[in-house]
1. Can you pull out every residue in the stretch 518-537 that is of a type in the set (A, V, I, L, M, F, W, C) and more than 25 Å from the chain's Cα centre (by Cα)?
2. Looking only at the stretch 5-30, which residues are farther than 21 Å from residue 254 by Cα and open to solvent by 20 Å² or more (accessible area, probe 1.4 Å)?
3. Write out, first by first residue and then by second, each pair whose Cβ atoms fall under 6 Å of each other, whose residues are 6+ apart or on separate chains, and whose first residue, in the stretch 71-95, is farther than 17 Å from residue 531 by Cα while the second is open to solvent by less than 20 Å² (accessible area, probe 1.4 Å) and of a type in the set (Val, Ile, Thr).
4. How many residues are part of a loop (DSSP other than H, G, I, E, B) and within 23 Å of residue 46 (Cβ to Cβ) when one looks only at the stretch 244-259?
5. Test of understanding: among 130, 74, 52, which residue is on the phi > 0 side of the Ramachandran plot and among the small types (Gly, Ala, Ser)?
6. Got a number for residues in the stretch 360-374 being open to solvent by 40 Å² or more (accessible area, probe 1.4 Å) and closer than 19 Å to residue 438 by Cβ?
7. Inspect the stretch 273-280 for any residue being farther than 21 Å from residue 361 by Cβ and free of Cβ contacts under 8 Å to residues at least 12 places away in the same chain and give the result as yes or no.
8. How about the stretch 203-243: which of its residues are over 18 Å from residue 41 (Cβ atoms), assigned to a strand (DSSP E or B) and hydrophobic (A, V, I, L, M, F, W, C)?
Amino acid sequence: MTAGEFDTTVDVLVVGSGGGGMTAALTADAAGLDTLVVEKSAHFGGSTALSGGGIWVPGAPSQRKEGYVPDPDGVFEYLKTITDGLVSDARLRQYVDKSPKMMEFLERRSRWLEFVWKPGYADYYPELPGGSELGSTINVPAIDLRRLGDEEQNLLQPLALAPKGIWFAPKDLRLFYQVRQNWRGKAVLLKLIWRMLRARVFGDRMAAIGQSLAARLRLAMKEHDIALWLNSPMTELITDVDGTVVGAVVERDGEQQRIGARGGVILAAGGFDHDMEWRRQHLPVLEKDWSFGNPASMGDGIRAGEKAGGSTELLDEAWWFPAMCWPDGRLQFMLNERMMPAQFVVNGDGERFINEAAPYMDFAHAMIKGQESGVAHIPCWLITDIRSFHRYVVGGHLPIPKVPFAPVPTGWKVPKAWLESGIVKEGSSFEQLAEKIGVPPTQLRKTADRFNELAHKGHDDDFNRGDSKYDNYYGDPTLGNPNLHPLGKPPYYAFQIILGDLGTSGGLRTDEFARVLRADDSTVKGLYAVGNTSAAVMGRSYAGAGATIGPAMTFGYVAAKHIEDRLPETGGNKTDSTLDSHRKVTK
């Protein structure tokens, strides 16, 4: 749509209310730029609110306070290595340089934005030059959602709600998985029970990880009176005769409103997680909608950017995360299970095909490559034994005596419903288990014998499982190799693994200032894209926990700063009468 008269005019129009969008809005507002955020759904927070809430920022203030300062050149080399030439040096440098500044800005901007670093969650490739065994994942503390007031009802809730009072800080989860290994795991279990009791008595509505991050960003926006329109989808970008984006059409209260944007439009509307027709077009092996991403993510921002002249890349890619899918469609992450010692994963030929504890992107890429070769890898199967079921958290089952009315499965028997679902299979021998999952019995026996041989030796000569500090994180710290132990006596179990994801990671091509690029590398003037609306600065890789939200927030900051530099004459102009109609509207 071309330019004309506008119903409302602002300096910066942000489309989407996830971490990237809210950071962009806070940055633009701090520069004195009139800012409006529009959100298509009835809830704010986007995929950030559904996430683990980690923010990967090497050199963050919270790290420096602890005396840890990663070398920026080393971090750049690390990113350059894992992205393997897919991402420009300029974008990588911008991320390395600006992500700590973004975090400094947010900490100064609002009392709600408090960030903490707890060392120990290694980067996903800590053995590479520039990688860190201490990690650079930054988190926010838990928060009582009652602080949001009326806005609490507008926060996007996780797809699977935890029982009242159950919330995990990042370190809690790792220790919780060690409930049978050490006293610290048992202490976390007691802590969870206390939280449940406290919530019942005092009405606490505590939230951590992504819920806390989204809530804190929204509180910071409210603190600075930044307008947010919910239920207001952007339907089209508006361009002038030269192709410059000068605004957007937004549907609100059933009416089309033309919003002018003097400085530009920042697309932070997420990916196309649930547009399965589009996804299968770029990746035919993707069978079903197994995405954990925001239900509203249907690619609206990417399509609008394409229509305005933007080009795309990596549309076959996603933030992959192997998972289980129960018959009712409920998805469940499979993370710690792939790191526990007495298990191995097999394809349709009954063979191992990767280090099971590998980062989830690498594991999923191996599934995709294997499926494309003609051997079934989607699904694949995690094979384990009854001892492991009694010792480790598997599929959310807590290995403690049966507790009536517990919010999670407990007891010493594999739940009957699991076996009836077909997602979990049981066998009295490897041969019987093989028949049930449809793989060659002789090959599964051979794979099991080989795995046990390596586990007895203490080193995985075939796939090097346990060599990386990342592998060890959710392993068993009581073992010499936290990721290796032989499978023992039957019964044996097979857990089906499907190709889940946290959202798509391909989208509009952007430069180091988050400007959308045309096919000839010229920019679509006035248009920016961040987060999953843009092609990931991580390429086809994943630097560490928080490598989705970290770039989204960083390039939201970068985009707003770029607009500020282009519009110095508008700084401080918050008296435009066109704002009166929307500044106080938050729903």
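The values are calculated or read from the model by the stated rules, or taken from the named source; none is laboratory data. Given the structure is predicted, the values throughout are model-derived calculations rather than measurements. Cβ atoms come from the backbone with ideal geometry, glycine included; neighbour counts cover every protein chain shown. With ligands, DNA and RNA removed, areas are computed over all heavy atoms of the protein, side chains included. Shrake-Rupley method; radii C 1.70, N 1.55, O 1.52, S 1.80 Å.
1. Passing the criteria: 519, 524.
2. 30
3. From residues that are farther than 17 Å from residue 531 by Cα, the pairs are 72/96; 75/96; 76/96.
4. 1
5. Numbers: 74 fails: on the phi > 0 side of the Ramachandran plot; 52 fails: on the phi > 0 side of the Ramachandran plot.
After ruling out the rest, the residue left standing is 130.
6. Of the residues in that region, 3 qualify.
7. The answer is yes; a qualifying residue exists.
8. If the condition is that a residue be over 18 Å from residue 41 (Cβ atoms), assigned to a strand (DSSP E or B) and hydrophobic (A, V, I, L, M, F, W, C), then 206, 207, 237, 238 are the ones that fit.
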